[in-house]
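Remarks on the structure that follows.
The values are calculated or read from the model by the stated rules, or taken from the named source; none is laboratory data. Just so we're clear, the structure is a prediction, and the values are computed from it rather than from any experiment. Neighbour counts are summed over all protein chains in view; Cβ atoms, including those assigned to glycine, are modelled from backbone coordinates with ideal geometry. In case anyone asks, the SASA skips ligands and DNA or RNA and just uses the protein heavy atoms, side chains included. Shrake-Rupley method; radii C 1.70, N 1.55, O 1.52, S 1.80 Å.
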Amino acid sequence: QVQLVESGGGLMQPGGSLRLSCAASDRSFDNYVVGWFRVAPGKDREFVAAISWNSQNTWYGDSVKGRFTVSKDNYKKTSYLQMDNLKPEDTAVYYCAADPTAITVTDPTRYDYWGQGTQVTVSS
């Protein structure tokens, strides 16, 4: 069973950048799709980004396209979410998730493993 630990959240001004990390406990992470989701206060869980096991394919939610970049370093067993040009509406708890198949990467129910989440607050 894979354990995931997110880090890198915090408080940032609008227009700033943050990089979130998702560290896995097991080498099987190499073969997993990784998804990033967020939950804002009073809102449903939202798909943010996903990356295939070999980093050849990436997917992004419409609200973050062109601002966020997902990556995966299998050697380090870590996925990253680079968030640039942050906006107040990006404020949320961010979660990473992993699964060996995740046929529909935007569907959170397709992921078996989840991290504990990290808070991102964008405010001046």
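Our note on the geometry: Cα centres of the range 69-87 and the range 1-61, 7 Å apart.
Carbon and sulfur: what percent of the chain's accessible surface (1.4 Å probe)? Accessible surface attributable to carbon and sulfur in the chain totals 45 percent. Using the Cβ-Cβ distance between Ser7 and Ser71 with R0 set to 22 Å, the FRET efficiency works out to roughly 0.90.
Across the chain, the mean sequence separation of Cα contacts (distance under 8 Å, 6 or more residues apart), normalised by length, yields a relative contact order of 36 percent. The alpha-carbon of Lys65 sits under 24 angstrom from the alpha-carbons of these lysines, leaving out residues fewer than 8 places away in its chain: Lys43, Lys87.
Measuring with a 1.4 angstrom probe and ignoring ligands and nucleic acids, Lys65 comes out at about 120 Å² accessible. Full extension of the chain between Asn31 and Gln119 yields a length gain of 29.0 nm, computed as 0.36 nm times the residue separation minus the alpha carbon distance. Converting phi to 3J(HN,Hα) with the Karplus coefficients 6.51, -1.76 and 1.60 and the offset θ = phi - 60°, the range 110-123 yields 7, 9, 8, 10, 9, x, 8, x, 9, 7, 10, 10, 10, 7 Hz in sequence order, with x at every glycine or proline. Solvent-accessible area per residue in the chain equals 51 Å², computed with a 1.4 angstrom probe and all protein chains kept.
GNM on the chain, alpha-carbon springs under 10 angstrom: the most fluctuating residue among Leu11, Leu81, Leu20 is Leu11. Highest mobility in the GNM of the chain, judged by mean-square fluctuation with C-alpha springs under 10 Å and restricted to Gly16, Gly61, Gly42, is found for Gly42. In this label model, Glu89 and Lys43 are separated by 0.7 nm, measuring between points 7 Å along each Cα→Cβ vector. If you run the Gaussian network model on the chain, springs between alpha carbon atoms under 10 Å, then out of Gln56, Gln13, Gln82 the most flexible one is Gln56. Net length available on complete extension from Thr109 to Ala23 is 28.9 nm, with 0.36 nm assigned per residue and the Cα-Cα distance removed.
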